[in-house]
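The values are calculated or read from the model by the stated rules, or taken from the named source; none is laboratory data. These numbers were taken from a predicted model, which means no experiment stands behind them. Neighbour counts are summed over all protein chains in view; Cβ atoms, including those assigned to glycine, are modelled from backbone coordinates with ideal geometry.
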Amino acid sequence: MGGGVPEELLTAQETALYDRQIRVWGVDAQKRLSKAHVLVCGVNGATIELCKNIVLAGVGSLSLMDDHVVTEDDLNANFLIPPDESIYSSRSRAEVCCESLKDFNPMVRVSVEKGDPSLIDGEFLDKFDIIVLSRTSMKTKLFVNDNCRKSSKHIAFYAIECKGSCGEIFVDLQKHSYVQKNAGEPEPKELSYHSLQEAISVPWKNLPRKTAKLYFAMRVLENYESSQGHGACEISLSDLPAVLALRKNMCYEMSLNESQIPTALLERLVAAGKKEHPPVCAILGGILGQEVIKSISGKGDPIKNFFYFDDTDGKGVMEDIPGPSTN
Amino acid sequence: MSCQMVYPRNFTFSLQIDLDTIEVSNLNRQFLFRKCHVGQSKAHVARDAVLKFRPNINITSYHANVKDAQFNVEFFKQFNVVLNGLDNLDARRHVNRLCLAAEVPLVESGTTGFLGQVTVHVKGKTECYECQPKPVPKSYPVCTITSTPSKFVHCIVWAKDLLFAKLFGDKNQDNDLNVHSSESGASKSNVFERSKDEDLDQYARRIYDHVFGYNIELALENEETWKNRRRPNPVYIRDALPEEDSRQNGSSHDCSNEQEEPSAMVSLGFRNPQEIWNLADNSRVLLKALRLFFEKREKEIGNLIFDKDDQLAVEFVTAAANIRASSFGIPLHSLFEAKGVAGNIVHAVATTNAIIAGLIVIEAIKVLQGDYKKYRMTYCLEHPSRKMLLMPVEPFEPNKSCYVCSETPLLLDVNTKTTKLREVIDKIIKSKLGMNLPLVMIGHTLVFEDGDGLEEDEAANYALNLEKVLAELPAPVINGTKLTVEDFQQELSCSINIKHREEFDEEKEPDGMVLSGWSAPVEKQVTSNGGASSSGAPDTDGNPEDISTKPGMKRKLDEVLDSKEKFDASSTSSAQVVDDDDDDDMVMLDEDPKLAKKKRLQ
């Protein structure tokens with residue numbers, strides 16, 4: 001990530017500020033962080049938690065893309081937006097949050113990128129080492145993920161969603177070389193990731209029975225949203241019957257027992273709409289923050305390739321979802 | 001963690017207590033604080049910051065120690081739930097007892113690096129915080145520190161608690177450092193005393209030669225000690241810094257800015273705290289640091305207590321520890337590592353704290369909703385266990401032999417003829433039992449009481465009793481006597497049955513007394529590797545020994561997980577794990593045979 005790391009020392013300021021975290025991941029990792037450029041598209045409760053974490057950690061730069069104008073609803077889960085209309089009125093989420101984030105760590109360059117993630121490609125993308133998408137349509141996610149993979153530069157791709165008290169994180173690091181500490185000795189490792197397209201195309205009947213139910217539920221919702229032409233997260237409880245019907249169809253097509261996607265779960269997700277439960281945002285943003293740091297630093301086992309959290313059972317699970325071919 | 005917890009919910013009334021002030025090293029994760037707040041009260045600044053994005057909640061902040069008398073049982077009764085983000089075992093135990101007495105649910109938590117956990121404690125329903133023993137910080141036998149160090153941490157303790165304390169700390173404190181030299185002749189004068197107008201360099205070199213040279217030679221004279229041990233090498237200035245022996249380490253070489261905090265490293269041009277200095281450089285740092293203390297901070301000498309954020313103190317202790325280590329053939333360490341050991345620094349990052357805070361709030365909400373069947377202990381793991389990075393476990397029932405919540409009597413092995421009451425109170429009642437202001441009764445006789453509001457003659461009487469050996473107390477303590485010990489504030493009362501024993505093993509039982517009848521604490525190593533699993537006594541940065549109590553916790557989880565591995569996931573018979581076919585995706589560790597003794601909630 002970002003080429004070789006020259007042997008300069010951390011500044012006295014960095015040493016003092018980052019002391020406690022350097023004791024976790026070392027000076028080298030800290031230096032790499034300071035050279036990393038991150039793009040986050042979609043400013044919401046979960047992504048601002050991520051942003052807060054990586055800014056505190058000391059990434060090189062963070063760019064925010066979200067032209068939506070701030071509304072009062074945003075205040076529920078986004079603590080970076082001051083509850084003062086005179087401050088946020090008529091301004092984009094990215095703009096207002098960018099301002100707040102700068103305060104967290106003056107050594108990080110935080111900026112706004114105007115635009116639409118569905119148009120991100122090529123040269124623009126190459127400015128970044130890490131891309132995170134949230135609350136964009138599946139079509140956009142696939143588009144951006146594909147472009148990341150096409151780039152000659154290694155760009156890590158993440159997608160994160162928080163729906164009510166549930167959340168999903170997707171990770172695509174393509175080919176990722178890193179170091180794992182095995183009984184104190186560093187051991188080089190390499191992982192190969194599936195693209196997003198592959199990860200959502202696996203026939204359901206091929207997946208282990210214990211696969212997280214949220215995986216399937218999220219696929220049903222994504223499908224529903226795109227078929228309705230809805231923007232992400234604009235569905236509500238009134239859509240439930242249609243969603244359940246879609247579940248029935250998809251399960252039939254995929255030879256999966258409908259009980260694997262409980263009605264109660266779908267109901268909760270649909271009813272949540274745009275709402276995000278703040279503590280769940282903190283958890284998801286924390287997990288994703290760690291992933292971004294692992295990927296930049298090349299240290300520690302990254303998640304492969306999905307992470308789920310549901311506060312109903314309190315479990316945070318990893319799922320390794322394979323691609324469509326049966327081996 | 002506390003920064004993260006506070007903001008999300010619209011609790012109508014919340015209160016936070018913290019005695020700390022803000023430091024730069026907090027800012028990498030305690031994000032309610034900014035650089036301009038350094039030095040200010042954490043509680044007050046946090047309150048102000050939260051009000052900025054939740055202006056309508058009612059928060060009261062106290063810049064105080066939660067162990068203060070004002071936070072008594074009546075105080076705790078005001079609340080529906082208590083959330084702890086404390087950084088030391090003592091305070092946690094104290095709050096645990098108050099919550100039990102006040103019958104208020106407690107959500108406890110802790111993080112270290114990438115690990116963390118959240119636990120819920122409700123009187124009568126779940127284990128209290130102390131039902132499972134928490135390891136106490138490791139302490140070292142005095143002789144290991146003064147004579148036979150074998151690890152770097154021993155050298156650090158020597159440098160910090162002996163040398164630094166002797167030179168810069170309270171002169172009236174007991175100190176095990178040998179201060180007499182053969183040259184002081186009949187007057188047996190204190191080598192450490194600097195003669196009026198004595199040249200600083202000469203003084204520094206004299207100290208150096210004394211502690212690293214002479215004292216080692218003295219130790220070598222005792223053949224027994226070194227029969228099976230590597231003999232240390234005495235180090236004298238003339239050997240460590242041959243060319244500089246008579247040269248002044250003067251200000252003409254000083255690279256530091258007059259205005260900045262005095263630093264030996266900066267003066268000498270050493271820029272990298274991760275670098276391991278050789279013996280010569282360590283010696284230079286030591287001499288320079290000593291010199292700087294006297295030149296720039298003379299007023300503080302005699303009152304200084306080692307503080308990990310005191311750069312000069314850290315430099316001094318690092319150098320001294322390294323020189324000693326070099327003598328004893330122990331590997332040297334960088335300032336960064338030494339600081340971690342000396343300061344018992346717990347490593348910490350924003351992400352883990354964010355995750356744990358989110359989990360705390362989730363539990364707090366369950367408590368407020370009275371959803372007691374849903375309470376979980378949740379563990380945040382670095383490496384997934386059965387695909388889980390966040391692992392919820394049902395709370396256990398209270399431990400019937402927990403002396404805190406179940407009133408089991410304890411047993412104390414002690415030599416009643418030679419042990420003073422004061423030792424029992426310090427080592428057992430205050431330290432192991434965690435009582436703050438204890439009261440000790442033998443039958444109906446009150447032999448000791450602590451706290452304010454004592455009459456002069458009472459206090460005098462107690463002071464006398466402290467110095468008496470147990471057998472000679474007004475109500476004599478002998479084999480079979482039962483002590484009643486209470487802490488009024490914590491509303492905790494215990495019985496301790498005394499068993500008289502003549503002999504104690506100096507190495508295995510350094511306290512000269514042994515408490516049993518409760519789940520015995522597991523002693524945890526303080527490692528000398530800064531980055532590795534961390535340390536015993538706490539750091540001000542809100543991170544507990546709890547999770548570093550990997551021995552205790554890991555053993556329990558391992559037991560459970562190990563036995564689970566043996567079961568085929570698809571087996572239908574005696575399923576150890578409640579299968580994921582249910583909507584309620586709960587990991588139930590119920591039937592594990594090793595846990596059969598401890599019953600689950602419900």
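Within the stretch B:413-434, how many residues are touching a Pro at 6+ places or on another chain (Cβ under 9 Å) and within 15 Å of B:Ile478 (Cβ to Cβ)?
The total comes to 1.
Out of the stretch B:331-352, which residues are over 19 Å from the mean Cα position of the chain (by Cα), at the interface with chain A (Cβ under 8 Å from one of its Cβ atoms) and surrounded by 24 or more Cβ atoms within 10 Å (Cβ to Cβ)?
B:Val349, B:Ala350, B:Thr351, B:Thr352
Being closer than 22 Å to B:Glu108 by Cα and out of contact with any strand residue (DSSP E or B) (no Cβ under 6 Å at 6 or more places or on another chain) narrows it down to one residue among B:Asp68, B:Asp48; which is it?
B:Asp68
Within the stretch A:279-302, can you find the residues that are assigned to a helix (DSSP H, G or I), within 11 Å of chain B (Cβ to nearest Cβ) and surrounded by fewer than 24 Cβ atoms within 10 Å (Cβ to Cβ)?
Passing the criteria: only A:Lys294.
Only one of (1) on the phi > 0 side of the Ramachandran plot; (2) in contact with a helix residue (DSSP H, G or I) (Cβ under 7 Å, 6 or more places away or on another chain) is not met by A:Ile155, so which one is it?
The one condition A:Ile155 does not meet is (1).
State whether the residues of the stretch A:246-261 include one that is surrounded by 21 or more Cβ atoms within 10 Å (Cβ to Cβ), part of a helix (DSSP H, G or I), at pLDDT 95 or above and more than 7 Å from every other protein chain (Cβ to nearest Cβ).
yes
Any chance the stretch A:226-233 includes a residue that's part of a helix (DSSP H, G or I), surrounded by 19 or more Cβ atoms within 10 Å (Cβ to Cβ) and touching a helix residue (DSSP H, G or I) at 6+ places or on another chain (Cβ under 9 Å)?
Within the stretch A:226-233 (the criterion being part of a helix (DSSP H, G or I), surrounded by 19 or more Cβ atoms within 10 Å (Cβ to Cβ) and touching a helix residue (DSSP H, G or I) at 6+ places or on another chain (Cβ under 9 Å)), the answer is no, since none of the residues qualifies.
Which of the residues that make up the stretch B:277-303 are of a type in the set (Phe, Trp, Tyr) and within 28 Å of the chain's Cα centre (by Cα)?
Matches in the stretch B:277-303: B:Phe293 only.
State the number of residues belonging to the stretch A:262-278 that are within 13 Å of another protein chain (Cβ to nearest Cβ), part of a helix (DSSP H, G or I) and in contact with a Gly (Cβ under 9 Å, 6 or more places away or on another chain).
Adding up the residues that qualify gives 2.
Residues checked against (1) of a type in the set (Ser, Thr, Tyr); (2) surrounded by fewer than 24 Cβ atoms within 10 Å (Cβ to Cβ); (3) touching a His at 6+ places or on another chain (Cβ under 6 Å):
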site	(1), (2), (3)
B:Arg324	no, no, no
B:Ile355	no, no, no
B:Leu368	no, yes, no
B:Asp371	no, yes, no
B:Glu397	no, yes, no
B:Thr416	yes, yes, yes
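Could you give every pair whose Cβ atoms fall below 8 Å, whose first residue belongs to the stretch B:426-454 and is touching a residue at least 12 places away in the same chain (Cβ under 8 Å) and within 20 Å of B:Gly517 (Cα to Cα), and whose second residue is aromatic (Phe, Trp, Tyr) and part of a strand (DSSP E or B), counting only separations of at least 6 or pairs across chains?
The qualifying pairs are B:Pro438/B:Phe448; B:Val440/B:Phe448.
Counting only residues that are free of Cβ contacts under 8 Å to residues at least 60 places away in the same chain and of a type in the set (Lys, Arg), which one in the stretch B:50-79 is farthest from A:Asp84 (Cα to Cα)?
Out of the qualifying residues, it is B:Lys77.
Show the residue pairs meeting these rules: Cβ distance below 6 Å; 6+ apart or different chains; first residue within the stretch B:110-124 and within 12 Å of chain A (Cβ to nearest Cβ) and under 14 Å from B:Leu83 (Cα atoms); second residue β-branched (Val, Ile, Thr) and part of a strand (DSSP E or B).
Close Cβ pairs satisfying both conditions: B:Val118/B:Thr378; B:Val120/B:Val107.
Can you name the condition, by its number, that B:Val24 falls short on among (1) under 23 Å from the mean Cα position of the chain (by Cα); (2) modelled with pLDDT under 90; (3) surrounded by 19 or more Cβ atoms within 10 Å (Cβ to Cβ); (4) within 14 Å of chain A (Cβ to nearest Cβ)?
Unmet for B:Val24, out of (1) under 23 Å from the mean Cα position of the chain (by Cα); (2) modelled with pLDDT under 90; (3) surrounded by 19 or more Cβ atoms within 10 Å (Cβ to Cβ); (4) within 14 Å of chain A (Cβ to nearest Cβ): (3).
Could you tell me how many of the residues in the stretch B:190-213 are of a type in the set (S, T, N, Q) and exposed (fewer than 13 other Cβ atoms within 10 Å of the Cβ)?
2
Can you name every one of the strands (runs of 3 or more DSSP E) wholly within the stretch B:337-437 that holds 2 or more residues which are closer than 30 Å to A:Ala29 by Cβ?
B:377-385, B:388-393
Among the residues of the stretch A:26-35, are any more than 28 Å from B:Asp310 (Cα to Cα), out of contact with any Ser or Thr (no Cβ under 8 Å at 6 or more places or on another chain) and surrounded by fewer than 24 Cβ atoms within 10 Å (Cβ to Cβ)?
Looking for residues that are more than 28 Å from B:Asp310 (Cα to Cα), out of contact with any Ser or Thr (no Cβ under 8 Å at 6 or more places or on another chain) and surrounded by fewer than 24 Cβ atoms within 10 Å (Cβ to Cβ), one finds at least one in the stretch A:26-35, hence yes.
So, in the stretch A:303-320, how many residues would count as being crowded, with 20+ Cβ neighbours inside 10 Å and more than 8 Å from chain B (Cβ to nearest Cβ)?
Of the residues in the stretch A:303-320, 3 are crowded, with 20+ Cβ neighbours inside 10 Å and more than 8 Å from chain B (Cβ to nearest Cβ).
Is it the case that some residue within the stretch B:41-55 is in a strand (DSSP E or B) and modelled with pLDDT under 90?
Scanning the stretch B:41-55, I find no residue that is in a strand (DSSP E or B) and modelled with pLDDT under 90, so the answer is no.
Could you please let me know if A:Lys52 is among the basic types (Lys, Arg), crowded, with 24+ Cβ neighbours inside 10 Å and assigned to a helix (DSSP H, G or I)?
yes
Looking at (1) within 21 Å of A:Ile131 (Cβ to Cβ); (2) modelled with pLDDT of 95 or more, which is the only condition A:Ser152 fails?
With respect to (1) within 21 Å of A:Ile131 (Cβ to Cβ); (2) modelled with pLDDT of 95 or more, A:Ser152 is out only on (2).
Among B:Asp170, B:Asp87, B:Asp68, which is in a loop (DSSP other than H, G, I, E, B) and touching an Asp or Glu at 6+ places or on another chain (Cβ under 7 Å)?
It is B:Asp87.
Looking at the stretch B:131-140, can you tell me whether even one residue there is touching a Phe, Trp or Tyr at 6+ places or on another chain (Cβ under 9 Å), among the charged types (D, E, K, R), at pLDDT below 95 and crowded, with 20+ Cβ neighbours inside 10 Å?
No, that holds for no residue.
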